[in-house]
Ligand SMILES: Nc1ncnc2c1ncn2[C@@H]1O[C@H](COP(=O)(O)OP(=O)(O)OP(=O)(O)O)[C@@H](O)[C@H]1O
Ligand SMILES: [Mg+2]
């Protein structure tokens with residue numbers, strides 16, 4: 001960090017009306033009553049129930065074709081069949097491995113690149129065009145290329161997952177590194193804190209909420225990356241099961257796999273938010289349960 | 001997180017215990033009696049010019065000031081006259097364009113580089129509390145000790161003592177956002193006191209507080225100053241606050257900032273709020289205000 005005092009990079013903090021998100025007067029009661037806490041646990045199942053109700057209605061009353069929309073009971077049956085299949089474990093395992101490996105790579109590389117670019121302004125400006133270009137390109141279009149390069153195995157899917165997850169993490173970390181409060185910096189400078197102490201006690205805690213904000217998006221993107229990769233090649237994973245069910249015109253199984261994917265995605269997301277709650281319990285986003 | 005572990009609803013009603021006379025005669029472990037020639041802080045020929053896109057801003061011009069050890073100096077002046085700039089130069093956050101700053105005979109700036117060992121002895125309080133939201137009150141207060149490598153157990157004990165000093169007992173484990181503005185500012189003061197600073201530099205520390213809280217904080221600050229015997233430079237734009245607290249009031253005039261006058265305040269200590277009703281106090285305030293008005 002630029003702790004150089006020799007230059008007039010210094011600007012004052014007083015009279016600066018910019019509100020500080022994390023330090024603002026938060027009404028402690030907001031969103032914290034037991035009722036508010038429990039609300040999602042009540043509304044979630046209710047909405048699920050409503051969905052299944054409408055679904056069943058569409059099938060039995062409106063008479064939508066079994067192939068377009070299988071009955072809920074049929075999907076549940078297909079789910080049972082899926083789990084009876086001894087191969088299901090390996091399919092889930094492969095997809096999970098691809099998602100987690102891709103997410104892990106994105107996390108490490110995203111934090112490293114984001115922190116570097118956030119600290120070195122000229123470098124950030126220099127690579128800006130490349131970043132923008134990469135960002136606007138629909139990245140799933142790369143999957144066939146990765147298949148050519150890395151084959152039909154998990155590698156191409158891992159890379160796809162990592163590529164999709166990389167951007168939200170990198171961009172958030174870049175922002176986070178720059179978001180160190182000027183007043184906080186004055187405190188550390190006034191205390192003559194070492195570079196390491198400044199990092200440990202100020203820069204890292206400032207950036208962590210941004211890392212988690214990126215990670216929450218990234219974990220969802222990794223699932224998308226892995227599934228799209230599996231759609232296009234290979235013979236393993238839940239994405240492959242979706243495609244094979246489609247080819248077999250087995251609608252109940254197709255729906256069952258999608259339900260599985262939804263559950264998997266939700267569990268992964270919950271894992272990230274739970275980690276966040278443990279690591280940064282002090283942060284506003286944790287308190288208000290966002 | 002659903003239940004509040006701390007009694008936030010009841011702000012602590014801590015009133016500073018009456019200051020005994022003998023506390024003034026023996027301020028801490030420093031042997032110097034008040035008003036002796038010992039220098040706490042010396043500023044000589046300090047000049048500061050900001051280089052901005054729209055040209056240079058001459059913020060401070062030839063500032064000479066000597067603050068005795070244990071002395072309380074208030075800095076007043078209208079907005080933009082360079083109070084913050086001067087305080088930031090004193091606190092080592094901003095390099096002066098010219099001139100020297102000495103703390104207890106030791107130069108603080110050598111060839112444009114700050115001597116960290118000098119500034120490490122200073123305690124800073126800013127207009128905003130600037131507490132770290134990721135630390136509890138106790139950890140915030142203990143931060144200076146942590147940076148000095150004091151053991152965890154020791155710094156917790158010391159920080160708890162400091163919390164008690166500023167009337168924050170019972171809030172050690174709260175996060176800053178669970179505190180009121182005044183409580184946060186008190187935590188910031190406790191943090192500044194953590195490493196027994198020889199010099200306390202405060203930039204409008206109570207500027208954001210309501211008048212009642214402010215009065216209480218002034219009494220607390222007076223008490224802390226009396227007990228610790230630190231040198232204090234206190235920036236404010238409230239003339240009565242400046243007079244109430246200070247041994248001397250330094251008036252700055254703007255563009256470029258220079259010292260216009262230094263007014264000794266000989267009101268007896270400890271001062272209570274009643275002192276503000278005395279004729280002497282009134283005259284001092286009116287005199288300073290007149291000087292400010294003459295600038296137009
Ligand atoms: N970082 C900066 N860059 C350029 N000019 C600055 C900077 N900081 C302060 N100034 C200028 O220096 C002058 C003094 O500013 P300073 O903040 O010291 O005033 P102040 O007395 O603290 O005012 P206030 O009472 O409003 O806080 C002002 O004219 C201001 O515009
Ligand atoms: Mg100011």
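Read the figures in this text as sums done on the coordinates, not as results from a lab. The shown structure was predicted, so the numbers you read here are calculated from the model rather than taken from an experiment. Methodologically, a virtual Cβ is constructed for each residue, glycine included, from the backbone with ideal geometry; neighbour enumeration extends over all protein chains shown.
Some observations on this one:
- Shape parameters for the stretch B:127-196, alpha-carbon atoms, Rg then Dmax in Å: 10.6, 30
- Fully extended contour minus Cα-Cα distance, from residue B:161 to residue B:196, at 0.36 nm per residue: 11.3 nm
- Distance in nm between pseudo-label sites at residue B:276 and residue A:271 (7 Å out along the Cβ direction from Cα): 6.0
- Hydrodynamic estimate: the Kirkwood radius of chain B over Cα pairs, inserted into Stokes-Einstein at 4 °C and 1.567 mPa s, corresponds to D of 65 µm²/s.
- Contour excess over end-to-end distance, with Cα ends at residue A:51 and residue A:135 and 0.36 nm allotted per residue: 26.7 nm
- Inverting the pair-averaged 1/r between distinct Cα atoms of the protein assembly as shown gives 28.1 Å as its Kirkwood hydrodynamic radius.
- All Cα pairs of the stretch A:90-283, percent lying beyond 31 Å: 28
- Relative contact order of chain B, defined on C-alpha pairs under 8 angstrom at six or more residues apart (%): 24
- For residue B:286 and residue A:36, the FRET efficiency from 1/(1 + (r/R0)^6), where r spans their Cβ atoms and R0 equals 51 Å, is about 0.40.
- Our Cα-only numbers for the stretch B:130-262 put the radius of gyration and Dmax at 15.8, 50 Å.
- Spread over its residues, the convex hull of the C-alpha atoms of the stretch B:101-154 is 122 Å³ per residue.
- For chain A: relative contact order, % (alpha-carbon pairs under 8 angstrom, 6 or more apart): 24
- Cβ-Cβ FRET estimate between residue B:116 and residue B:211, R0 fixed at 51 Å, reported to 0.05: 0.85
- If the convex hull is drawn through the Cα atoms of the stretch A:47-143, its volume per residue in Å³: 188
- For the pair residue B:79 and residue A:66, label points projected 7 Å from Cα toward Cβ lie 7.8 nm apart.
- P(r) histogram, all alpha-carbon pairs of the stretch A:192-268 included - 10 Å bins from 0, percent: 17, 32, 19, 13, 11, 6, 1
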